[in-house]
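One structure is given here, and the rest of the page talks about it.
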Amino acid sequence: MITPKNNTTRRNVLKTLAGGAAGAAALPLWSRYAQAQASEPIKIGFQVHRTGIGAAYGRWYDRTTMAAVDLINEQGGINGRPVEIVTEDDGTDPKRGAEVVEKFTNQHGCDVGFGTLFSHVVIGSSPRAGELKLPYFVVSEGHHVASGMLNRYTLQPGITDVKSQVQAMAPFVAENLGKKVTMVFPDFAFGHDHRDFFTQAIEAQGGEVLAHIAIPPSETSFTKYFPKIPRETEVLYHVMVGPAVLTFVKELGEFFGPSRPEMFGFIDSLEAVDISSPGLEYLEGTYFWEGNPRHTQDDQSEHDQFYRAAVGVDDRGASISDPSDVSTYAHMFGCWETLHVIKAGMETAGYQSHADRAALIEAVEAMTDMPLSQAHPQGAKLFNGKTHQVFGHQYISKVTDGKLVKVHTTSIEDTLYPDEVDYTTQSF
């Protein structure tokens, strides 16, 4: 599917918010953009989970992607050429994911592939991207890129990985919530990363994981799993994904009643779910990791303000046109930021055609510091060109009076770990 033109309302919002120097800087680009419209577009193949268990994420990845491309085109496109998004649904399925990658290359003639989230789909798709020599920019969180499992054509420059996230979270959990932990997680690669890396991280803090409870990602009822939680559990660590997350958190509250252990959840368990939903009152006083704070914070940056308006999200992280349509705010920024990385890489490489794909990858590999900015509204980042993985700040929020209030921000240094691969030594 080809991206439709965005509406006038969004353009007006972007112009108004950019304001001042940013607005003035954009004005001279109109003549350049008019010329770009007559040029061949840069085609970005957007692999989206429009259906399947990742559909809620896919819906908001789509909206974020369109908003980012609208802004990039408003500012002159890439190398004087407009950006065109070619969308294909992979059904959140690894096999279909590989087929989508082939379509991007053989049917659509895309310059790059972009957008894949669920880790098992990334793992199923990236080998085909490598074979087809298609630069493949994933917006996942699994450790599969930085572990060396994949290939030089696969990069994750816009969102951090689970290993870095849990490494930064573990000290807070051990110091403030408890050291005897039970983990509940989805039974596929993403959940296994949580299982493996948080277990290591909490043990490094003198804690222990009493039980690992793996749940099939297609599960629709969870009560039968909760009796497996040991009574001596001090902290319940939960991360769940898919369309049944509201059922999961509701049933968790029903199981514990008024006497629950401390709870530390990854916001994945609540993505696309209104925290004010009936049955979630028990979450008051519990903690969540957030990749990007869903609710507007007192120290909100001008960049988050701009980005939030551009993607059509209100102060509580819901669609401005429908308060019941809650975003996947902790993850979808990765699409916005990755597209800006692609733009910066192509402009550095002087990208003109498929013959410049290797030069594009080398240009991205050479990136390091990514300051907090309109292009990176989630926060400053550090990109490791050897491992193709970006590192950034992580946020811990506490549910306080029905709002997710940020109580801790990690440093980037908290998230770093030794390299496990050097993709730059691999040939193209």
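The values are calculated or read from the model by the stated rules, or taken from the named source; none is laboratory data. Quick caveat: nothing in here was measured; it's all calculated off a predicted structure. Neighbour counts are summed over all protein chains in view; Cβ atoms, including those assigned to glycine, are modelled from backbone coordinates with ideal geometry. Please note that ligands, DNA and RNA were not included when accessible areas were found on the heavy atoms of the full protein model with its side chains. Shrake-Rupley method; radii C 1.70, N 1.55, O 1.52, S 1.80 Å.
A compact table of results
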quantity: Rg(Cα) / (2.2 N^0.38 Å) computed for the chain, rounded to two decimals; calculated: 0.95
quantity: Angle in degrees between helix 8-26 and the longest Cα principal axis of the chain, rounded to the nearest 10; calculated: 70 degrees
quantity: Whether the range 73-224 is rounded, prolate or oblate, judged on the alpha carbon gyration tensor where a/c under 1.5 counts as rounded; calculated: prolate
quantity: The range 373-428-the range 288-335 distance, computed between alpha-carbon centres (Å); calculated: 18 Å
quantity: Reach of LYS180 by Cα under 26 Å, taken over lysines that are not fewer than 8 positions away in the same chain; calculated: LYS163, LYS224, LYS228, LYS250, LYS398, LYS406
quantity: Antiparallel bridges, percent of DSSP beta bridges restricted to the chain (to nearest 5); calculated: 40 percent
quantity: 18 Å reach of a label modelled at ASP422, 7 Å along Cα-to-Cβ, counting backbone N of the range 138-168; calculated: 146-153
quantity: Relative contact order of the chain, pairs being alpha-carbon contacts under 8 Å that are 6 or more residues apart, as %; calculated: 16 percent
quantity: Three-way shape call for the range 41-151 based on the alpha-carbon gyration tensor, with the a/c threshold at 1.5; calculated: prolate
quantity: Dipole magnitude (debye, nearest 20) for the chain, charges at Cβ of Lys, Arg, Asp, Glu; calculated: 760 debye
quantity: Gain in span if fully extended, LYS180 to THR409, counting 0.36 nm per residue against the direct Cα distance; calculated: 80.1 nm
quantity: The chain - mean residue ellipticity at 222 nm from DSSP helices (-39,500 (n - 2.57) per run, n ≥ 4, rounded to 500); calculated: -11500 deg cm²/dmol
quantity: Cα long-axis angle, helix 55-74 against the chain (0 to 90 degrees, to the nearest 10); calculated: 30 degrees
quantity: Cα gyration tensor, the range 176-272 - rounded (a/c under 1.5), prolate or oblate; calculated: oblate
quantity: Net charge of neighbours whose Cβ lies under 10 Å from the Cβ of ILE267, counting Lys and Arg as +1 and Asp and Glu as -1; calculated: -2
quantity: Most positive-pole-ward Cα, VAL364, HIS192, TYR282, against dipole of the chain from beta carbon charges; calculated: VAL364
quantity: Degrees separating the helix 162-176 axis from the principal Cα axis of the chain, which is the longest one; calculated: 40 degrees
quantity: For LYS406, net neighbour charge (Lys/Arg +1, Asp/Glu -1) across residues whose Cβ lies under 13 Å away; calculated: -1
quantity: The chain, accessible area per residue, ligands and nucleic acids excluded (1.4 Å, Å²); calculated: 37 Å²
quantity: Total formal charge among the other residues, if their Cβ is under 10 angstrom from that of PHE428, Lys/Arg +1 and Asp/Glu -1; calculated: +2
quantity: Positive-end residue, the chain charge dipole about Cα centroid, Cβ charges, pick of HIS388, THR182, GLY124; calculated: GLY124
quantity: The range 41-66-the range 78-110 distance, computed between alpha-carbon centres (Å); calculated: 10 Å
quantity: Added length on full extension, which subtracts the Cα-Cα distance from 0.36 nm per residue, GLU254 to GLU281; calculated: 8.6 nm
quantity: Nitroxide proxy distance, nm - points 7 Å out along Cα→Cβ at GLU131 and LEU210; calculated: 4.8 nm
